[in-house]
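Student: Pasting in a structure now, in structure tokens, and then I'll have a few things to ask.
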Amino acid sequence: MLIVDILAAAGEAAPQNKFGFVEAVQAGGFISYATVIIMGVMSFGSFYILFTKWFEQGKIMRQYREVRSSFWRAPTLREGVTKMEKNTAWRQIVEDGIAAEDQHSKMTDALEGHEWLHGSLARSEASINARLAGGLPFLATVGATAPFIGLFGTVVGIYRALIAIGLAGSASIDKVAGPVGESLIMTALGLIVAVPAVLAYNYLQSRNKRIAELLTGFSTDVLANITSKGVVKPSVPAAPAKVAPKPAAAPAKPGSTPAKS
């Protein structure tokens with residue numbers, strides 16, 4: 001019991017930290033709570049978009065490698081499209097190209113028919129790129145506005161510090177430490193939220209540009225194949241040769257002598 005009493009007395013005698021994060025937010029009132037909540041929503045949304053878009057882009061790139069190695073081995077586009085995964089960007093381009101080819105024969109002007117076919121594939125690419133760009137404006141908005149939201153909390157904290165100085169009549173550290181600490185915390189939160197959002201935006205945007213290049217190349221190959229009636233195809237990597245397994249050696253008979261070389 002003596003030890004417990006000593007520890008309790010020491011805990012009561014130890015100075016309590018009144019300038020922590022929670023204390024600063026509580027002292028800031030509604031403005032601080034609103035700023036922290038907005039920052040939390042922005043941060044959660046940024047990381048959610050980052051990971052979902054990253055997985056989506058990785059899936060499209062993986063599908064492209066599969067399409068590049070197997071799709072063009074089919075005799076025709078109609079046969080090759082049946083072997084592709086459903087609801088993929090690459091299958092959408094092929095299906096839109098086939099649909100445009102069916103409408104192409106109904107046009108009397110060959111030049112207009114070619115423009116219709118080219119425009120249909122370009123429209124298909126644009127729709128895929130628009131879906132890939134979904135969510136990126138949110139990252140850009142977070143990266144641009146989060147520092148200013150934090151700055152707003154900073155201005156309010158400085159204002160509260162000046163009010164405390166005016167009421168106390170002196171700029172003692174115990175009067176201004178809380179509001180100033182609160183203002184610095186809001187500035188830090190704005191930067192913590194904005195920097196990952198900007199990095200995620202630039203990273204995803206660069207991957208989208210790479211996918212757009214792949215879509216354009218694949219669409220051009222599809223257009224050339226359709227207009228050439230299946231004659232023009234991109235070069236396909238050779239399929240790996242199958243190595244025939246070596247026949248197993250016959251077991252030696254008991255008592256037999258192995259042949260000398």
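Every read-out reported here was derived from the displayed coordinates using simple, explicitly stated rules and does not represent laboratory data. Everything quoted here is computed from the prediction, not taken from an experiment. Glycine gets a Cβ as well: all are built from the backbone with ideal geometry, and neighbour counts include every protein chain shown.
Student: Considering only C-alpha atoms, what is the centroid distance from the stretch 31-94 to the stretch 127-164, in Å?
Tutor: Comparing the Cα centres of the stretch 31-94 and the stretch 127-164, I get a distance of 27 Å.
Student: Here's another thing I want to ask about it. Going by how many other beta carbons lie within 10 Å of each one, how would you line up VAL155, VAL36, VAL222, fewest first?
Tutor: VAL155, VAL36, VAL222
Student: Also: Would you list SER228, SER127, SER32, SER46 from fewest to most Cβ contacts within 10 Å?
Tutor: If I rank by nearby Cβ atoms, fewest first, I get SER228, SER127, SER32, SER46.
Student: Further question: Using the number of other C-beta atoms within 10 angstrom as an exposure proxy, rank MET39, MET61, MET84, MET186 with the fewest first.
Tutor: By the 10 Å Cβ count, ascending, the order reads MET61, MET84, MET39, MET186.
Student: Over 23 Å between C-alpha atoms is what I'm after, so list which of LYS83/LYS209; LYS53/LYS209; LYS59/LYS209; LYS83/LYS106 land there.
Tutor: Result: LYS83/LYS209; LYS83/LYS106 exceed 23 Å.
Student: Count neighbours as other Cβ atoms within 10 Å of each site's Cβ, and list the GluC sites (Glu not before Pro) in the stretch 54-109 that are DSSP loop with at most 14 such neighbours.
Tutor: In loop regions of the stretch 54-109 (DSSP not H, G, I, E or B), the sparsely surrounded GluC sites (Glu not before Pro) are GLU85.
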